Amino acid sequence: MVCFDRQVLCKSLWMLAVNFSVVGVAIAAQAEPIRVKDLPQSARTAKLLLAADPTPIAVPPAETGPIEITLTRKKAKTTPPTSAPTYTIDQAEINKQGANSLAETLKGQPGFAINDSGFGADIHTGTYYRGASINQSVFLLNGRSITTNVNTYHGNVDLNTIPVETVDRVELSSGSSSTLYGSEAFGGVVNVITKPGTQIQKFNSQLQFGSYGQQTYRGSYTGAIGGLDYALGYDRYKADSDYPVPVGAANRGTDGNLTNADIDTSSYYARFAVSLDPRNTLTLDGTKTTSRKGLIYFGFPFQRDRLNHDAFNLGLNWRSELAKGSTLNASVGFNKDYFHTFGPTANLFFRQGRLNSSGLNFRLDHDWQVASKAKLRWGFDAKTAFLTSEADSTNPSVLRFNESVKSSRFTPSLFALGTFNLSNALQAEVGLRQNFSSDFGGSLNPSLGLNWAASKAVAVRGSWVSVRRLPGLDQQFAYDTVHNWFPNEDLKPESGSSWTAGIDFKPSAKFSGQVTYFGSALDDRIATQPTRLNGRTVSQWQNIGRVNTGGVELALQYKITPQWKTFANYTYTSAKIKSGAEEGLQLSQVPFSVAQFGVGYENKGWQLNLMANYFSGARRAFL
């Protein structure tokens with residue numbers, strides 16, 4: 001994609017987009033005015049390097065002549081080093097990618113392999129973070145979990161329905177993050193931070209029109225009234241995706257065009273924050289998404305399955321500065337997902353499935369600077385999950401599985417993570433997470449990490465964590481009529497270890513990078529496989545045995561000139577099945593290699609960005 005951008009106009013080879021931006025007048029903090037042309041170019045930044053605070057923009061009123069844009073700049077802060085790589089994707093980076101959803105934002109990031117982004121995408125075909133599937137990573141919205149652990153009917157977190165209009169930044173972490181947010185973070189933790197309100201009244205809108213019925217409408221408004229700041233947003237994108245396909249291609253209609261790949265998604269977002277006093281802040285945020293689309297599976301013969309997805313998330317957070325170096329966060333959240341998948345089978349039978357999942361989450365998190373060289377972050381979180389599954393099929397051979405099933409699970413946890421500066425150059429992390437569940441008992445999952453600054457330009461790090469994921473309620477109790485996947489009440493939790501080792505380097509102000517080796521050893525991996533059930537062979541959820549994962553991820557950034565910069569990300573993943581009938585094979589749908597390369601030019605408000613993605617392919621089997 002080639003994109004020219006100057007606030008109000010964006011063109012590509014296949015899309016026309018118009019952006020409108022209105023910024024209100026605000027009183028800026030005392031700082032030296034900086035003209036846009038004097039600012040350093042923005043760049044992809046790892047949290048281990050320097051990170052600057054967001055820069056507010058104030059546009060003074062002008063009676064005549066050009067408007068001079070004045071910016072205030074705060075002092076840059078040094079983010080403490082961690083034992084595992086941490087990446088931040090900010091709003092500027094998202095805009096340069098031209099991404100429409102969170103899936104498109106994460107695609108090509110270090111460690112990520114996503115083959116399900118785009119219109120009409122079938123979300124169960126693959127979202128992998130270091131070889132771990134989407135339900136083996138933790139997804140957060142403003143620090144609270146939105147993972148449903150639903151595996152059938154295209155459930156769990158649909159990254160294609162999280163619009164970028166709501167996103168301020170995305171933080172990717174791993175290692176000790178599993179101690180803080182859940183032992184099921186085999187791959188890592190993805191924290192989506194939504195747009196905050198500002199003291200500046202600001203309105204943004206965007207219209208995009210493309211071929212094959214593609215349309216995008218976006219709008220957001222941020223501002224403040226007294227001590228209350230707010231952010232409101234709306235996002236809708238739709239496409240017919242009825243482009244010509246070769247003869248013999250899956251889902252080729254009589255007119256020679258692709259069929260059943262259309263999508264229509266609308267999302268609403270609101271966030272309100274009020275400062276009760278200088279030390280206490282209360283924040284309320286919520287999102288609502290409605291998605292209607294067709295599904296295409298792996299290039300199988302003509303498919304006419306449809307997916308309706310409705311999602312709702314609401315959260316309330318209280319942040320209190322108890323004392324210097326002591327911060328308390330308390331939050332309660334509610335999330336709800338409704339999936340309805342339906343369609344005919346070879347014009348003979350009609351089948352449909354409904355999954356109605358909801359969760360109530362509570363979290364108490366205390367970040368405490370115990371001493372000058374010791375920090376403790378500890379707390380409690382609890383999740384209650386509810387699931388109602390309905391299966392309905394006219395196929396005589398499965399009529400007996402048409403039923404409605406209700407199930408629930410309560411999973412409280414205690415966690416503590418200590419960070420110790422053993423010297424000016426050496427930092428250690430020690431963590432413990434005690435998990436409980438209403439149906440699988442408890443587990444104690446420790447974590448360890450080290451970070452050594454060998455020099456000003458080079459740092460060496462490593463982490464190890466114990467991981468455990470409970471089977472999804474749907475995997476235990478829900479029959480999937482669309483895929484003919486059978487549940488298994490005898491499933492055991494997946495458990496094992498994951499680790500990272502790497503180097504961060506910045507030999508000059510222009511060049512920086514990270515190299516990370518990652519791996520995991522996982523027992524009782526859950527997947528569907530052929531099983532004899534009631535005298536016939538069916539696909540049923542099973543503990544298939546041990547899976548070992550290893551790989552390398554590379555992230556490089558280089559500033560060629562003040563106007564030109566480039567970056568490259570690459571991830572290699574080997575996820576080998578070590579037992580059972582598939583021993584020695586790569587885990588299905590996990591790509592071996594993915595990469596992204598980009599070159600950008602920015603000068604006097606104009607931008608030109610060129611990005612390329614590489615995907616090596618993956619084993620196609622369902623297992």
Hits in the range 225-244 (condition: under 22 Å from residue 211 (Cα atoms) and either over 31 Å from the mean Cα position of the chain (by Cα) or among the polar types (S, T, N, Q) (or both)):
241, 244
Here is a check on your reading of the model: is residue 357 touching a residue at least 12 places away in the same chain (Cβ under 8 Å), within 26 Å of residue 262 (Cβ to Cβ) and hydroxyl-bearing (Ser, Thr, Tyr)?
yes
Cβ-Cβ under 7 Å, sequence separation 6+ or interchain: first residue in the range 80-109 and part of a helix (DSSP H, G or I), partner of a type in the set (Gly, Ala, Ser) and modelled with pLDDT of 85 or more. Which pairs?
96/600
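Here's the yes/no breakdown for (1) surrounded by fewer than 18 Cβ atoms within 10 Å (Cβ to Cβ); (2) at pLDDT below 90; (3) more than 25 Å from the chain's Cα centre (by Cα); (4) part of a strand (DSSP E or B):
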residue: 197; (1), (2), (3), (4): no, yes, no, no
residue: 204; (1), (2), (3), (4): no, yes, no, yes
residue: 208; (1), (2), (3), (4): no, yes, no, yes
residue: 212; (1), (2), (3), (4): yes, no, yes, no
Evaluate the following for residue 474: is it within 25 Å of residue 361 (Cα to Cα) and surrounded by fewer than 16 Cβ atoms within 10 Å (Cβ to Cβ)?
no
Exactly one condition in (1) surrounded by 15 or more Cβ atoms within 10 Å (Cβ to Cβ); (2) touching a Leu at 6+ places or on another chain (Cβ under 8 Å) is not met by residue 408; state its number.
(1)
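For every residue, the table says whether it meets (1) without any contact (Cβ under 8 Å) to a residue 40 or more places away in the chain; (2) of a type outside the set (Gly, Ala, Ser).
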| site | (1), (2) |
| --- | --- |
| 323 | yes, no |
| 334 | yes, yes |
| 350 | no, yes |
| 375 | no, yes |
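The values are calculated or read from the model by the stated rules, or taken from the named source; none is laboratory data. No experiment lies behind these values; they were computed from the predicted model shown. Quick reminder, even Gly has a Cβ in these numbers, built from the backbone with ideal geometry, and neighbours come from all protein chains shown.
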